[in-house]
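Take a look at the structure below.
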Amino acid sequence: MIYLDYQATTPLAPEARDEMMRWLDGPGGSGFGNPHSPHRMGREAAAAIALARDRVAALFPAGGQVIFTSGATEAINLAIRGTAGRDDRRTVSASAIEHAAVLDTARSLGTCHELNVAKDGQCNTKQDLPADTRLVCVMQVNNEIGTVQPTIDWHRKAKGANALYLCDAVQAYGKIELTAADMIAVSAHKMHGPKGVGALWVRDGLELTEVQTGGGQEYGIRSGTLSPALIAGFGAAALLAKEQMEADAEHVEKLWHRARELFADWKLNGSEDARWHGNMNLRPPKKYGGLDVNRLMSEVRDVMFSAGSACASGSGRTSHVLAAIGLSGKRAKSSIRLGWGRYTTMEEIEEAADKINAAAKAQWL
């Protein structure tokens, strides 16, 4: 099989797997201790978490604290809900192409203001924020079309409005330098770590209200027993990403340029330049009409790619991201998303392109 769905999840790095195995030991081993216990096994597990925390923190800006969570969705909920009630302001201003974890959470509070995006998929700052905006949410790299947002400008605009700024950096973490923000949410499995663990980075001096109550294991802000295995794997993946960031980026660029040649007949959704080049969201040329993406995926079973955001697949809904950049429902539902990274080979890109193009063009004709 050829895996081209890196925006949905990434292959687990062997180094991360090796790091995890020690902390999954059962009877006869010593790695299954509770990191919150005071005995030797607990202290060893706690030390592993401390090391991983330092490794994860090394990919964030200086001057903040890493709070481990079950993933980016929990981190985002903690950021949005944990900063509510700080004053009389209630509105959360979020770009129209944010992940559902941001938009649905803000909507559930009844205070969501959507910021529009241009046809190239960027959310520019030439739009007003409601006067009662307390939090601005603009992601760094979009998960569906890969566009890189002007986060530096949005951070400044938020500061100018005396609002906080939350950045969903799930698709950026471990790939590019992260933006400055008040809070940053990330997930391990999008950068070759394990599923089920993520983090919220919180700048120094910012206090959050606990959302998930209980034992208060994470600095009294997030409750629940931490998993040494998942966090150790996260830390190993973060260390590897830091060491290989430049090489990984060069590899991704080579694959991008070859893929653009191979899919030259398709139209690109979103900016060509202001995007992470490990994401290629495509639609058929207008002259060919629509495309049955489900049929295409069925006919190319050995190539793993997406019909859009993995979180919305199977829902039948038009992608809110593609709708936000002006695509019709037909154009949006005819789009596919290809994603690659560290472990993708040039041969896989070429073979996948041959199969996808052949199956797609049979429909176009």
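The values are calculated or read from the model by the stated rules, or taken from the named source; none is laboratory data. All of these numbers come straight from a predicted model, not from anything done at the bench. Reconstructed Cβ throughout: ideal geometry from the backbone, glycine too, with neighbour counts over all protein chains shown. The protein model used for the area step is the full one, side chains on, heavy atoms only, and it has no ligands, DNA or RNA in it. Shrake-Rupley method; radii C 1.70, N 1.55, O 1.52, S 1.80 Å.
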With a/c under 1.5 counting as rounded, go ahead and sort the stretch 112-250 into rounded, prolate or oblate using the C-alpha gyration tensor (a ≥ b ≥ c being the square roots of the eigenvalues; past the cut-off, prolate if a/b is larger than b/c, else oblate).
-> oblate
Show the residues, 5+ positions off or on another chain, whose built amide H is closer than 5 Å to the amide H of H113.
-> V92, S93, A94
Solvent-accessible ranking of H320, H99, largest area first, probe 1.4 Å = H320, H99
With every protein chain left in place, what is the accessible area of E243 in Å² (1.4 Å probe, nearest 10)?
-> 130
Cross-link pairs beyond the 24 Å C-alpha cut-off, checked among K175/K254; K159/K242; K157/K254; K242/K355 | K159/K242; K157/K254; K242/K355
Relative to the first principal axis of the alpha-carbon coordinates of the chain, what is the inclination of helix 346-364, with its axis defined by its Cα atoms, in degrees from 0 to 90 and to the nearest 10?
-> 50
From the phi of every residue in the stretch 99-114, what ³J(HN,Hα) in whole Hz does the Karplus formula 6.51 cos²θ - 1.76 cosθ + 1.60 yield, where θ is phi - 60° and glycine or proline is x?
-> 4, 4, 4, 7, 5, 5, 5, 5, 5, 5, 8, x, 9, 8, 10, 8
Starting from the Cα gyration tensor of the stretch 250-365, multiply each eigenvalue by 5, take the square root, and state the resulting semi-axes largest first in whole Å.
-> 21, 17, 14
Residues whose built amide H sits under 5 Å from the amide H of R275, excluding neighbours closer than 5 in sequence, are V148
What's the angle, to the nearest 10 degrees (0 to 90), between helix 151-160's Cα axis and the longest principal axis of the chain?
-> 60
Around I2, which amide H atoms from residues at least 5 apart in sequence, or from another chain, sit under 5 Å from its own amide H, with H modelled in the peptide plane?
-> V303, M304
Protein chains only, probe 1.4 Å: how do K330, K287 rank by accessible area, largest first?
-> K287, K330
Using θ = phi - 60° and the Karplus curve 6.51 cos²θ - 1.76 cosθ + 1.60, what whole-Hz ³J(HN,Hα) does each residue of the stretch 39-45 get, with Gly and Pro shown as x?
-> 7, 4, 4, x, 5, 5, 5
Rounded to 0.05, the calculated FRET efficiency for the beta carbons of H39 and K159 at R₀ = 30 Å is 0.05
Rounded to the nearest 10 degrees, what's the angle between the helix 72-82 long axis and the longest principal axis of the chain, both from Cα atoms, 0 to 90?
-> 60
From the backbone phi of the stretch 9-19, what are the Karplus-calculated ³J(HN,Hα) couplings (6.51 cos²θ - 1.76 cosθ + 1.60, θ = phi - 60°) in whole Hz, Gly and Pro given as x?
-> 6, 10, x, 5, 5, x, 5, 5, 4, 4, 5
Probe 1.4 Å, all chains present, heavy atoms only: R295 accessible area in Å², nearest 10, is 110
For the chain, dividing by residue count, accessible area per residue (probe 1.4 Å) in Å² works out to 43
Neighbour net charge for M183 - beta-carbon separation under 11 angstrom, K R +1, D E -1 | -1
Binning every alpha carbon pair distance of the stretch 99-192 at 10 Å from zero, what are the percents per bin?
-> 16, 50, 30, 3, 0
Using a 1.4 angstrom probe on the protein heavy atoms only, line up Y219, Y288, Y173 by accessible area, largest first.
-> Y219, Y288, Y173
Hey, any idea what % of the stretch 125-224's accessible area is carbon plus sulfur with a 1.4 Å probe?
-> 47
Quick one: grab the alpha carbon gyration tensor of the chain, order the square roots of its eigenvalues as a ≥ b ≥ c, and give me rounded if a/c is under 1.5, else prolate or oblate depending on whether a/b is larger than b/c.
-> oblate
Proximal aspartates and glutamates to K330, defined as alpha-carbon separation beneath 16 angstrom and excluding residues fewer than eight positions away on the same chain = D292
Where labels lie 7 Å past Cα in the beta-carbon direction, separation of R317 and K126 in nm = 3.0
With every protein chain left in place, what is the accessible area of H39 in Å² (1.4 Å probe, nearest 10)?
-> 90
